[in-house]
Amino acid sequence: MRALVVTNMYPSAARPALGRFVQDQVEALQQIDGIEVELFAFPPGLRSYPRAARELRRRYRRERFDVVHAHFGLTAWPALALRGAPHVVTFHGTDLAHPRSGRLSRAVVPLVTLAATVSASLAQLIPGAGTRRRVAVLPCGVALNRFRPLPRAEARERLGLDPAGRYLLFPAAPARPEKRFEDARAVAGDATLLVLDGVAPDEVPLWINAANAVVIPSEREGFGLAVLEALACDVPVVATPVGIAPLVLEGVAGAHCGPFDATAWRSALAPHLAVADPRIAGRARAELFCAERMAQRVAVAWRTLAEEAARTTGGRGYTRRLGAAQVGNAAPTRR
């Protein structure tokens, strides 16, 4: 099977944190036997979309793919410049919720073969989901190779933090209103509230491990990777019941998931702020939503679409043309 991933959410030298979760999924897909993944990434911005469409046609007009998969709603529009293969689009949250771009994102749904979202709750924003239109849930997943428990003293030393400090982490930029920074500040009290704003992606696990707990009072989440990243590090987390949080935090001792209530959240955080190195047993839960497992879900969707297309076209797809043995030995490409 040969797939093309098209996205404007991908790390670059200028924006190393952009779409790191998409990169994690692409790299996990490239490790699956029998799948060859080509990547086409372009910078965000309205002017980039027509240029991307032209470049896609120029670069791939003689290429054959079994599936073309766009990440982010608006990115599906230039991806449609390539014909002859099923089209998938994964919606990540803002692309559907934004008052202007959300309309444009939803407008592309009837033109693609499969619409996907990163959570079941987000799928409710797709018109006709589950009735007249099938919608898949295809999250990107957490990268367990990066997010893992590290000694708290070591993390604090590397970040120049007080080894005896009482720290809470707000894992987002305060300027993003839907993340509700003021709520996080309200429950911090006399603890120091750290923020992930402009932090290099490879340093994020250090900040999580340096904190006594992670505070996520979001109004909404498409998926909610920050919850999984904290769990993967065995770091306590309190979160509102949005995105993936209600599912993954259920039954995890020391974690708290509930509507924002300053008194209840302070009570949940108090035990973690009272000890030097609080931990919870969260990694096993995070493993259920790791990047590799989520990539396998994507691979199943791709194969299903390719089989449907092959039946429709009489077996003229890329997979049938090469033959199973050759596809199984195809080397993944990285660009």
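Any read-out appearing in this document is the output of simple, stated calculations on the displayed coordinates, not a laboratory observation. Just so it is clear, the model here is predicted, and its values are computed rather than measured. Cβ: placed from backbone, ideal geometry, glycine included. Neighbour counts: every protein chain shown.
Give me the extension gain from Ala262 to Leu111: residue separation times 0.36 nm, minus the current Cα-Cα distance, reported in nm with one decimal.
In short, 49.9 nm is gained.
Work out, step by step, the length gained on full extension between Ser101 and Val199: first 0.36 nm times the residue separation, then minus their alpha carbon distance; give nm to one decimal. Intermediate values should be presented prior to the final figure.
On the way: separation 98, 0.36 × 98 = 35.28 nm, distance 2.70 nm.
That works out to 32.6 nm of additional length.
State, as an integer percentage, the relative contact order of the range 89-180 based on alpha-carbon contacts under 8 Å between residues 6 or more apart.
That works out to 19 percent.
Considering only the chain, what is the antiparallel percent among its DSSP beta bridges, to the nearest 5?
0
Using θ = phi - 60° and the Karplus relation 6.51 cos²θ - 1.76 cosθ + 1.60, list the HN-Hα couplings for the range 123-134 in order, rounded to whole Hz, with x at every Gly or Pro.
Using θ = phi - 60°, the values come out as 4, 5, 7, 8, x, x, 4, x, 10, 8, 9, 7 Hz.
Would you mind classifying the range 152-287 by shape? Square roots of the alpha carbon gyration tensor eigenvalues, ordered a ≥ b ≥ c; an a/c under 1.5 is rounded, otherwise it is prolate if a/b is larger than b/c and oblate if not. Intermediate values should be presented prior to the final figure.
Numbers: a/c = 1.25, a/b = 1.20, b/c = 1.04.
Cα axes put the range 152-287 in the rounded bin.
Which value, in debye to the nearest 20, describes the size of the charge dipole of the chain about its Cα centre when Lys and Arg Cβ atoms bear +1, Asp and Glu Cβ atoms bear -1, and nothing else is charged?
For this selection, approximately 1820 debye.
The range 57-133 to the range 32-50: how many Å between their Cα centroids?
13
What is the distance in Å between the Cα centroid of the range 166-182 and that of the range 185-249?
What the calculation gives is 9 Å, centre to centre.
With a cap of 15 neighbouring Cβ atoms within 10 Å, and only residues DSSP puts in a loop, list the trypsin sites (Lys or Arg not before Pro) found in the range 191-294.
none
With unit charges on the beta carbons (Lys and Arg positive, Asp and Glu negative) and the dipole taken about the Cα centre of the chain, which residue among Leu196, Phe91, Pro78 sits farthest to the positive side?
Pro78
What's the ranking of 162-171, 141-150 by average number of surrounding C-beta atoms within 10 Å, highest first?
Those peptides, ordered most packed to least, come out 141-150, 162-171.
Cys257's amide H: which non-local residues (gap 5+, or another chain) put their own amide H closer than 5 Å, with H modeled 1.01 Å from N in plane and none for Pro or chain starts?
Ala239
Multiply the residue separation of Arg279 and Arg15 by 0.36 nm, subtract the distance between their alpha-carbon atoms, and state the gained length in nm to one decimal.
Extra length available between Arg279 and Arg15 comes to 91.9 nm.
Please report, in debye to the nearest 20, how large the charge dipole of the range 190-229 is about its Cα centre when each Lys and Arg carries +1 at its beta carbon and each Asp and Glu carries -1 there.
Magnitude of the dipole: close to 80 debye.
With each run of n ≥ 4 DSSP H residues scored as -39500 (n - 2.57), what mean residue ellipticity at 222 nm is computed for the chain after dividing by its residue count and rounding to the nearest 500 deg cm²/dmol?
Result for the chain, helices only: -10500 deg cm²/dmol.
Add +1 for every Lys or Arg and -1 for every Asp or Glu among the other residues with Cβ under 15 Å from the Cβ of Ala143, and state the total.
Numbers: positive: Arg20, Arg146, Arg148, Arg283, Arg293; negative: Asp24, Glu27, Asp202, Glu203, Glu229, Glu287, Glu292.
Overall, the nearby charge balance is -2.
Less than 15 Å Cβ to Cβ from Arg156, Lys/Arg counted +1 and Asp/Glu -1: what total charge do the surrounding residues give?
After counting each charged neighbour, the total is -1.
Of all GluC sites (Glu not before Pro) in the range 170-260, which ones are in loop regions per DSSP and have a Cβ with at most 14 other Cβ atoms within 10 Å?
Here the GluC sites (Glu not before Pro) that fit, given the DSSP loop and packing criteria, are Glu219, Glu250.
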